[in-house]
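Step one of this worksheet: look at the structure below.
The values are calculated or read from the model by the stated rules, or taken from the named source; none is laboratory data. Just so it is clear, the structure is predicted and the values come from calculations on it, not from any experiment. Cβ atoms come from the backbone with ideal geometry, glycine included; neighbour counts cover every protein chain shown. The area values use the complete protein model at the heavy-atom level, side chains included, leaving out ligands, DNA and RNA. Shrake-Rupley method; radii C 1.70, N 1.55, O 1.52, S 1.80 Å.
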Protein chains: 2
Amino acid sequence: MHRKYTTMFSKACEYGIRAVIYIAQKSLNEERASLKDITAEIDSPEAFTAKVLQQLARAKIINSVKGPNGGFEIKKEDIDSIKLSEIVNALDGDSIYKGCGLGLKVCNANEPCPVHDKFTTIRSELRKMLENTSLFELATSLETGLTYLKR
Amino acid sequence: MHRKYTTMFSKACEYGIRAVIYIAQKSLNEERASLKDITAEIDSPEAFTAKVLQQLARAKIINSVKGPNGGFEIKKEDIDSIKLSEIVNALDGDSIYKGCGLGLKVCNANEPCPVHDKFTTIRSELRKMLENTSLFELATSLETGLTYLKR
DNA sequence: TTTAATTCGGATAAATTTGTCCGAATTAAA
DNA sequence: TTTAATTCGGACAAATTTATCCGAATTAAA
């Protein structure tokens, strides 16, 4: 009965982040990434990943191009200004920053839950981190072989 | 398609933490808390909470007593040494500390995912916080009316 | 113009988490 | 000893998340 895996983000968001990093890497090299490329490269389920990419396209975080040689891309000049927080926000919303750690609907500095202050600290760290991490740094660390998206 | 609520813990764990804090408060006053007391006090679904309490009893975090005037309790002298981390561990496991932020099965300092270092920092903060927060401080803040478990 | 490669979108299915129901077991009190 | 209050445990149901399938729409290339 206990959870198999407690992840910070939904699966959709995990795949989404990985996909966007890969698309960014390709875009920096003036190439598009097709769905097949992406799922092969990040090792994710194809149809499900397609849905996630659709959502990211609707949110204007990536651009989609239909037809032969189509695929997904990100404008080179945008890659530095896109932050991890935008991707997370588009897929998982903002309750990771805002919601109460114990699930209370009402929980704030005036009427805090017992862990309110402690969680506020952690979550603000998380938020700062996501807001300060750019797609550019993630994509270049991948390009230079320092980091990995599979396995 | 995006998540309604992205919570740090499972619902089971949220209810579990709230329940244990309440039981601790009662135990500090030499009283037992019955399932009904608990679900009324923390505003949680009764049958589901019962399962969570069973798990916590099996994990020896709380003690259960059947029969009239039965309920749940925690030995007074244990309340200070029980940390939030034990409750979370019993209900959600330890993947919140250990798992990769992007869901990779292999992800470590040698073969890191692009966000590995940044997540390691955040998660270590979270872990420290959970390991350093005792049930005693949470229960007394509730007792003194500084914090709340409902709404 | 035809073909083929691609994303889009809707329906559906599987897996997991959340939640309910109810009888069995236990045990204190009447 | 009987009754009633309680937790325990198993089966089941609902909701959400994860995942698949497939035809439609688009569009570049042949």
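Report yes if some residue within segment B:16-27 is within 12 Å of DNA strand C (Cβ to nearest atom) and either among the aromatic types (Phe, Trp, Tyr) or farther than 19 Å from A:Leu104 by Cα (or both); otherwise report no. For segment B:16-27, residues within 12 Å of DNA strand C (Cβ to nearest atom) and either among the aromatic types (Phe, Trp, Tyr) or farther than 19 Å from A:Leu104 by Cα (or both): absent.
Condition check for B:Phe136 on (1) open to solvent by 60 Å² or more (accessible area, probe 1.4 Å); (2) free of Cβ contacts under 8 Å to residues at least 60 places away in the same chain; (3) not basic (Lys, Arg): one failure, at (2). Scanning segment A:49-72 for residues that are within 14 Å of DNA strand D (Cβ to nearest atom), more than 20 Å from B:Gly103 (Cα to Cα) and of a type in the set (Gly, Ala, Ser) turns up A:Ala57, A:Ser64, A:Gly67, A:Gly70, A:Gly71. Inside segment A:86-118, residues that are more than 16 Å from DNA strand C (Cβ to nearest atom) and open to solvent by 20 Å² or more (accessible area, probe 1.4 Å) make up a count of 14.
If you go through segment A:38-50 and keep only what is surrounded by 17 or more Cβ atoms within 10 Å (Cβ to Cβ) and either of a type outside the set (Val, Ile, Thr) or over 21 Å from A:Leu146 (Cβ atoms) (or both), you end up with A:Thr39, A:Glu41, A:Ser44, A:Thr49.
When B:Ala24, B:Ala19, B:Ala33, B:Ala12 are checked against the criterion of being within 9 Å of DNA strand D (Cβ to nearest atom) and of a type in the set (A, V, I, L, M), B:Ala33 stands alone in meeting it.
One line per residue, one yes/no per condition, for (1) in contact with a His (Cβ under 7 Å, 6 or more places away or on another chain); (2) open to solvent by less than 30 Å² (accessible area, probe 1.4 Å); (3) over 30 Å from B:Thr49 (Cα atoms); (4) within 9 Å of chain B (Cβ to nearest Cβ):
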{"site": "A:Met1", "(1), (2), (3), (4)": "no, no, no, yes"}
{"site": "A:Thr6", "(1), (2), (3), (4)": "no, yes, no, yes"}
{"site": "A:Ile17", "(1), (2), (3), (4)": "no, yes, yes, yes"}
{"site": "A:Ser34", "(1), (2), (3), (4)": "no, no, yes, no"}
{"site": "A:Val52", "(1), (2), (3), (4)": "no, yes, yes, yes"}
{"site": "A:Val65", "(1), (2), (3), (4)": "no, no, yes, no"}
{"site": "A:Glu77", "(1), (2), (3), (4)": "no, no, yes, no"}
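Among the residues making up segment B:109-151, those that are among the polar types (S, T, N, Q) and touching a helix residue (DSSP H, G or I) at 6+ places or on another chain (Cβ under 7 Å) are B:Thr133, B:Thr147. Please enumerate the residues belonging to segment B:131-151 that are part of a loop (DSSP other than H, G, I, E, B), within 7 Å of chain A (Cβ to nearest Cβ) and polar (S, T, N, Q). If the condition is that a residue be part of a loop (DSSP other than H, G, I, E, B), within 7 Å of chain A (Cβ to nearest Cβ) and polar (S, T, N, Q), then B:Thr133, B:Thr147 are the ones that fit. Annotation: of all residues in segment A:79-115 being within 9 Å of chain B (Cβ to nearest Cβ) and touching a His at 6+ places or on another chain (Cβ under 8 Å), the one that is farthest from A:Tyr15 (Cα to Cα) is A:Cys107. A:Ala40 meets the stated requirement of being more than 14 Å from chain B (Cβ to nearest Cβ), closer than 28 Å to B:Gly99 by Cα and outside any loop (DSSP other than H, G, I, E, B). Restricting attention to segment B:119-133, the residues that are under 18 Å from B:Gly16 (Cβ atoms) and open to solvent by less than 60 Å² (accessible area, probe 1.4 Å) add up to 4. Of all residues in segment A:43-65, those being more than 17 Å from B:Leu104 (Cα to Cα), among the β-branched types (Val, Ile, Thr) and not in a loop (DSSP other than H, G, I, E, B) number 2. Of the residues making up segment A:66-82, those that are within 14 Å of DNA strand C (Cβ to nearest atom) and either among the polar types (S, T, N, Q) or assigned to a loop (DSSP other than H, G, I, E, B) (or both) number 6.
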